[in-house]
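Have a look at the structure below, then the notes.
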Amino acid sequence: MISLSSIEIVEVAPRDGLQNEAVLFSVEDKAELILRSISAGARRIEAVSFVNPRAVPQMADAEAVMAALRGPHALQTRDVILSGLILNRRGLDRAIAARVDEVNFVVIASETFSQRNQGMAVRDALSQLAATAQACRAEALPFSVTIGAAFGCPFEGETPLKRVVEIAAEAAALGAKEIALADTIGVADPMAVECVIAAVHAVAPDMPLRCHFHNTRNTGIANAYAAWRSGVATLDASLGGIGGCPFAPAATGNIATEDTVYMLERMGVQTGYDLERLLHAADWLQGKLGKALPAALGRAGAFPPAQDRQRLSA
């Protein structure tokens, strides 16, 4: 086990969070969500998704959101990495035109889910990845690869570890800057997390890993802890715990950014986030969505309370 003293948390609420919500955010509100996340300490944000707007209408305005962030809000986003999710070469072309800092290519580790989510077989998705990787190198654009349904599929059940390892090896050979292991439907447990991380490290020992956990069965935070203990230096999290995949039955949100930050900071692990600002941002988001958020910290509050933390640090 490797216990890191600091960890990067990628804020995914603007993409994974909003894509599964019934409320359609305006371009202005999406930009505001990103700016509030930055104010709370986010320095890497999955801001947009360049997918078919008919399939995911919540993400149809990706270019307009990036234009706002590169235009009126350029100063506020200057030191922040803004990434865009893509599924194919068409998505990459849009991402390049929108001037994202990096792209995140998704390959689903399940044939049925890949067809439902991307309309193609896993092998076809890997072929798209190869073409995308070549274009990214030509553009000097960093790309990461997320292996979706790495721990289980809603249609096929358990995901074979061998398949995850094979996809990871191919992604590494194509020059990915990072591989993300995604528990898309929230079925993982800490031991499974350790097992998959170890297996991927065995075939790509120098590859930085990122983990993406959904809290569908209330194991997300435990899985995040297991990933940290296994030496994973980057976690995805979503403000308020919102999110989910529109193509996965009963999908629910990601681990909440504020809950994750609270746990790690209590353990002495630095995240770079300001917990009070995160809670204020979550309050704003709750008002925009018009419903209570899944995150626990918004209900219980941080401990010690803010005034006690200030006194103890004085």
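The values are calculated or read from the model by the stated rules, or taken from the named source; none is laboratory data. No experiment lies behind these values; they were computed from the predicted model shown. With ideal geometry, Cβ positions are generated from the backbone for all residues, glycine too; neighbour counts draw on all protein chains shown. Just the protein is used for accessible areas: all its heavy atoms, side chains included, with ligands, DNA and RNA removed. Shrake-Rupley method; radii C 1.70, N 1.55, O 1.52, S 1.80 Å.
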Of residues in the range 218-227 being under 24 Å from Lys291 (Cβ atoms) and not aliphatic (A, V, I, L, M), the one most open to solvent (accessible area, probe 1.4 Å): Asn218
In the range 185-215, the residues that are within 15 Å of the chain's Cα centre (by Cα) and either at pLDDT below 95 or of a type in the set (A, V, I, L, M, F, W, C) (or both): Ile185, Leu209, Cys211, Phe213
Residue in the range 149-156 that is free of Cβ contacts under 8 Å to residues at least 60 places away in the same chain and out of contact with any strand residue (DSSP E or B) (no Cβ under 9 Å at 6 or more places or on another chain) present: yes
Failed item, numbered, when Glu166 is tested on (1) at negative phi; (2) touching a residue at least 24 places away in the same chain (Cβ under 8 Å); (3) not aromatic (Phe, Trp, Tyr): (2)
Residue among Ser238, Ser230 that alone is buried (at least 20 other Cβ atoms within 10 Å of the Cβ) and either closer than 21 Å to Asn104 by Cα or among the acidic types (Asp, Glu) (or both): Ser238
Residue in the range 209-216 that is part of a loop (DSSP other than H, G, I, E, B) and either polar (S, T, N, Q) or closer than 24 Å to Gly241 by Cβ (or both) present: yes
Pairs with Cβ under 7 Å, 6+ apart, first in the range 169-180 and more than 17 Å from Ala202 (Cβ to Cβ) and touching a residue at least 12 places away in the same chain (Cβ under 8 Å), second of a type in the set (D, E, K, R) and open to solvent by 40 Å² or more (accessible area, probe 1.4 Å): Gly175/Arg137
Cβ pairs under 6 Å, 6+ apart, first in the range 192-204 and in a helix (DSSP H, G or I), second among the hydroxyl-bearing types (Ser, Thr, Tyr) and surrounded by 20 or more Cβ atoms within 10 Å (Cβ to Cβ): Glu194/Ser230; Ile197/Ser230
Candidate set: the range 197-244, residues that are out of contact with any Asp or Glu (no Cβ under 9 Å at 6 or more places or on another chain) and aromatic (Phe, Trp, Tyr); chosen: the one farthest from Ala22 (Cα to Cα): Trp228
Set Arg94, Arg44, Arg70: member being within 17 Å of the chain's Cα centre (by Cα) and at pLDDT 95 or above: Arg44
Test: Glu265 is charged (D, E, K, R), at pLDDT 95 or above, buried (at least 24 other Cβ atoms within 10 Å of the Cβ) and farther than 30 Å from Met120 by Cβ: no
Any hit, the range 262-284, residues being within 16 Å of the chain's Cα centre (by Cα) and more than 27 Å from Met207 (Cβ to Cβ): no
When residues of the range 147-175 are limited to those that are outside any helix (DSSP H, G or I), open to solvent by less than 10 Å² (accessible area, probe 1.4 Å) and among the small types (Gly, Ala, Ser), the one nearest to Ser83 (Cα to Cα): Gly148
Subset of the range 1-59 [in contact with a helix residue (DSSP H, G or I) (Cβ under 8 Å, 6 or more places away or on another chain), closer than 30 Å to Gly268 by Cβ and open to solvent by 50 Å² or more (accessible area, probe 1.4 Å)]: Met1, Ile2, Ser3, Arg36, Ser39
Residue list for the range 77-101, filter: open to solvent by 10 Å² or more (accessible area, probe 1.4 Å) and in contact with a Leu (Cβ under 7 Å, 6 or more places away or on another chain): Ile96, Val100, Asp101
